[in-house]
Amino acid sequence: RPALPGARPALPGARPALPGARPSLPGARPSVQRAPQKPKTTTTTLYFGCRARDVDWLYRERMQAHASAGLDLRLAFSREDPDTKVYVQHLVKEDARKVAQLLSDGVGRVYVCGDGANMARDVHHALAHSLVAAGKAADKGAALAALEVLKKDGRLLHDIWSPIDEYED
């Protein structure tokens, strides 16, 4: 399906982070495709998740090519280790300081693509966790309020699919 209007960085120097799961990555593809052409002062981080790299990692070669050209590619494969499931939100929490800086620098943008019933909600909470862990928000309530401001400012965008329209914070 076509990407949402305004779902691409419009500002020079915008630094997107693109947490998402396999089914809806095509909506974020134009941002990823532009990543290698961005000036060296910007960074695009793609948090990509699917069940197994050898089964359902679509666009693998393209992502790896962009990673070779400077894309910060963070991968989560939830079914490769039977003892530990790794999801995108785990990587976002690991990168809390970097993510919080992106969210609070006035330029960074976040595009969440994928399942709205689970993944989008969990990534939303991981973003809030990042703000608190990095000292950019006093508590979870303040972090969730900051994320709402980012939504209103068009810096936190969602391209999600789900049987429900909204998720609860």
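The values are calculated or read from the model by the stated rules, or taken from the named source; none is laboratory data. Since the structure is predicted, the reported quantities are computational estimates derived from the model, not experimental observations. Glycine also receives a Cβ, built like all others from the backbone with ideal geometry; neighbour counts cover every protein chain displayed. Protein only, heavy atoms only, side chains kept; ligands, DNA and RNA dropped before computing areas. Shrake-Rupley method; radii C 1.70, N 1.55, O 1.52, S 1.80 Å.
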Please find, among Leu131, Leu156, Leu144, the residue that is more than 23 Å from Met63 (Cβ to Cβ), aliphatic (A, V, I, L, M), modelled with pLDDT of 95 or more and open to solvent by less than 20 Å² (accessible area, probe 1.4 Å). Leu131
Quick test for you: out of Arg121, Arg97, Arg62, pick the one residue that is buried (at least 16 other Cβ atoms within 10 Å of the Cβ), of a type in the set (D, E, K, R) and not in a loop (DSSP other than H, G, I, E, B). Arg121
Return the residues of the range 83-116 that are among the aliphatic types (A, V, I, L, M) and under 12 Å from Ala133 (Cα atoms); say none if nothing qualifies. Val92, Ala96, Val99, Ala100
Just name the residue that is most open to solvent (accessible area, probe 1.4 Å) out of those in the range 65-94 that are of a type in the set (Ser, Thr, Tyr) and in a loop (DSSP other than H, G, I, E, B). Tyr87
Among the residues of the range 114-121, is any at pLDDT 95 or above, under 14 Å from Tyr47 (Cα atoms) and among the hydrophobic types (A, V, I, L, M, F, W, C)? no
Closer than 24 Å to His129 by Cβ and among the small types (Gly, Ala, Ser): which single residue out of Ala76, Ala67 fits that description? Ala76
When you look at Lys151, is it open to solvent by 40 Å² or more (accessible area, probe 1.4 Å), charged (D, E, K, R) and not in a helix (DSSP H, G or I), yes or no? no
Over the range 100-109, the set of residues charged (D, E, K, R) and surrounded by fewer than 16 Cβ atoms within 10 Å (Cβ to Cβ) is Asp105
Scan the range 84-93 and tell me whether some residue there is of a type in the set (S, T, N, Q) and under 15 Å from the mean Cα position of the chain (by Cα). yes
